Amino acid sequence: MSPPALALREPSAGTSVPVMDVIAGLSRALDITEGHPRGHAARSCVIGMRLAATLGLDPTADSDLFHALLLKDAGCSSNAARVHQLFGGSDHAAKRAVWLTDWRRWPEKIRYGLAYAGRGEGGWGRVRRLVGLAAAGPSAEREVFRIRCDRGAAIALDIGLSPATAAAIRWMDEHWDGGGQPDGLAGDRIPLLAQIIGLAQVIEIFWQEGGVDVARRVVARRRRRWFSPALSDLARDVFDDTAFWRRLASEEPVTLLRAIAPAPALVLADDARLDRIVEAFAGVIDAKSPYTHDHSRRVADYATAAASRLGFARERVVRLRRAALLHDIGKLGVANAVLDKPGPLTAAEWAEMREHTRHSRDILAAVPVFADLADDAAAHHERLDGRGYHRGLTGEALSMPARVLAVADVADALRSDRPYRAGLPAERVAAMLREDAGAGRLCAQSVEAVVDVLGA
């Protein structure tokens, strides 16, 4: 028996949702990009707002901090390829581990390098990675931080957040004594909101690893180095608040966020603001690999142009464009060792790659405003004959927007350079799409509409 057809729920005109709900939901994608457990950014936000509660910030600063905490890792995909180039192996594992390391202390830095440089490669591969890291030196460390911080700040501005929010993201990895990154700012030259983010994320990471006492000890060891004495002392009261930690461990982070969100964070996002957020996250997705630069935007352009040719109503075109821009959000959870591999994938690598559609569906389904397009976005590798992934859906279960998106994704993949081949000419791509339509894999109507777009 075939699965039931995916329901197509049209968005109501003038969609309005709290900006917080959208950013908090999409922050799950940033968590997997950095190798953190689900909910890391949201929990860091709860901790950071608890730290700030006694500082008497004005409502605007509260809102700036709230959004900066949720988007602190917005630039994390931008340095993933560079991290993989330096270390090899899983960029997610290397990124997560650096936060469990006092990377300013040489003994810990050396242990980290020995543990993660060339991890999973042979002996000579590991030696080559270690030599490369030594040759790159501190400048490579600074580069990795700068890429992430610059891009994260730019994304905050792109979606209409304040310069103060962008500055907090830009300098969140600076340290009180001037030993942080990317600019070596010290003391009160570091924006207060950035200082709060730096402390909150470290507390969340070590609380996840070992509980409140472990996090308390780490903050005490890094007092006056990473963190200001005043903020470190403020954290003591938070650590002593057992009810706070019990709630953080037992309740959904987004539920806690709604209870503490400052009023400006609950401002509704109209369609124009929502589209700015979607466009910004498409950039986050495409920055993960040099081979996917602007892929999501091109797929969205192909899909919307084809949908117009097929007579879609304006509301359906808008919905399809958002689905197309976010369809690969699950690829943020795929290691660059897989995404950028120049040769054939192993069975294990292929299994990891196939999981990206599942990740896309889970992430989008958790954001109320995107829940109705999650199935279509995640179906871009499904095929009419049931031989696609990850659900093995057949034609009758695939909506028309899902069919158009699948063809648009194939078209751009074939037209674009990949690690293992150069992009193909439009004529060759058109012939291959028609071959798939003839074999019952892709929707013939959608193929002809996309071929028409290619010709134009």
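Read the figures in this text as sums done on the coordinates, not as results from a lab. Quick caveat: nothing in here was measured; it's all calculated off a predicted structure. Backbone-built Cβ (ideal geometry, glycine too); neighbour counts: all protein chains shown.
Over all directions, how big on average is the projection of the convex hull of the alpha-carbon atoms in the chain, in square nanometres?
Mean shadow area of the hull around the Cα atoms is 22.3 nm².
Can you give me the C-alpha center-to-center distance between segment 101-153 and segment 369-448, rounded to a whole angstrom?
Between the Cα centre of segment 101-153 and that of segment 369-448, the gap is 38 Å.
Pull out the extension gain between Glu209 and Asp452, defined as 0.36 nm times the separation in residues minus the alpha carbon to alpha carbon distance; nm, one decimal.
Answer, rounded to one decimal: 82.1 nm.
Can you give the three extents of the C-alpha atoms in segment 289-455 along their principal axes, from longest to shortest, in whole Å?
Computed over the Cα atoms, the extents are 41, 40, 29 Å.
If r is the Cβ-Cβ distance from Leu266 to Arg128 and R0 is 56 Å, what FRET efficiency results, to the nearest 0.05?
On the way: r = 52 Å, r/R0 = 0.92.
Efficiency for this residue pair is about 0.60.
Run the reach check for Lys109 against aspartates and glutamates, Cα to Cα strictly under 12 Å, same-chain hits fewer than 8 apart removed. What comes back?
Glu141
What is the packing order of peptides 190-198, 440-448, taking the mean over residues of other C-beta atoms within 10 Å and listing the highest first?
190-198, 440-448
What is the calculated FRET efficiency for Arg189 to Leu157, with r their C-beta to C-beta distance and R₀ = 25 Å, to the nearest 0.05?
It comes to 0.75.
In Å, what Rg and Dmax follow from the Cα atoms of segment 44-86?
Considering segment 44-86 through its Cα atoms, Rg and Dmax are 14.5, 44 Å.
If the only charges are +1 at each Lys and Arg Cβ and -1 at each Asp and Glu Cβ, what is the size of the charge dipole of the chain around the Cα centre, to the nearest 20 debye?
1180 debye
Can you find, among Thr346, Ile155, Leu71, the residue sitting farthest towards the positive end of the charge dipole of the chain, where Lys and Arg contribute +1 and Asp and Glu -1 at Cβ?
With unit charges placed on the Cβ atoms, the residue in question is Thr346.
Show me the ranking of peptides 53-64, 135-146, 27-38, 158-169 by mean Cβ neighbours inside 10 Å, starting with the highest.
Details: 53-64: 15.7, 135-146: 14.2, 27-38: 22.6, 158-169: 21.0.
Listed from highest to lowest mean packing, they are 27-38, 158-169, 53-64, 135-146.
Taking only Cα atoms, what is the 0 to 90° angle, nearest 10, from helix 295-309's long axis to the longest principal axis of the chain?
Its long axis makes an angle of about 40 degrees.
Suppose every K and R has +1 on its Cβ and every D and E has -1 on its Cβ; what is the size of the dipole of segment 315-405 about the Cα centre, in Debye to the nearest 20?
Charge dipole, segment 315-405, about its Cα centre: 160 debye, nearest 20.
Considering the Cα positions of segment 144-203, please state its Rg to one decimal place and its Dmax as a whole number of Å.
When restricted to the Cα atoms of segment 144-203, Rg and Dmax are 10.8, 32 Å.
Can you compute 3J(HN,Hα) from phi for each residue in segment 258-274, using the Karplus curve 6.51 cos²θ - 1.76 cosθ + 1.60 with θ = phi - 60°, rounded to whole Hz and x for Gly and Pro?
For segment 258-274, the Karplus curve yields 4, 6, 10, 4, x, 3, x, 6, 9, 4, 7, 8, 7, 4, 5, 5, 4 Hz.
Once the Cα atoms of helix 229-239 and of the chain are each reduced to a long axis, what angle between those two axes, in degrees from 0 to 90 to the nearest 10, is obtained?
Compared with the principal axis, the helix lies near 70 degrees.
What FRET efficiency comes out for Ser250 versus Arg415 if R0 is 45 angstrom and r is the Cβ-Cβ distance? Round to the nearest 0.05. Present the calculation step by step, with values, prior to reporting the outcome.
Details: r = 49 Å, r/R0 = 1.09.
The formula returns an efficiency of 0.40 here.
With a 10 Å radius around each residue's Cβ, average the other Cβ atoms per peptide and rank 90-97, 371-378, 405-412, 247-254, highest first.
Ranked by mean Cβ neighbours within 10 Å, highest first: 405-412, 371-378, 90-97, 247-254.
Say each of Arg142 and Thr54 gets a label point 7 Å from the Cα, pointing the same way as Cα to Cβ; how far apart are those two points in nm?
For the pair Arg142/Thr54, the computed spacing is 3.7 nm.
Please state the charge dipole magnitude for segment 289-455, taken about the Cα centre, from unit charges on C-beta atoms (+1 on K and R, -1 on D and E), reported in debye and rounded to the nearest 20. Mind dumping the intermediate values first?
Values: 23 positive and 23 negative charges, 27 e Å.
The dipole of segment 289-455 has a size of about 120 debye.
Counting residues in segment 118-178 as N, plug N into 2.2 N^0.38 Å and put the Cα Rg over that result. Walk me through the intermediate numbers first.
On the way: Rg = 16.6 Å, N = 61, 2.2 N^0.38 = 10.5 Å.
Relative to the rule-of-thumb radius for its length, segment 118-178 sits at 1.58.
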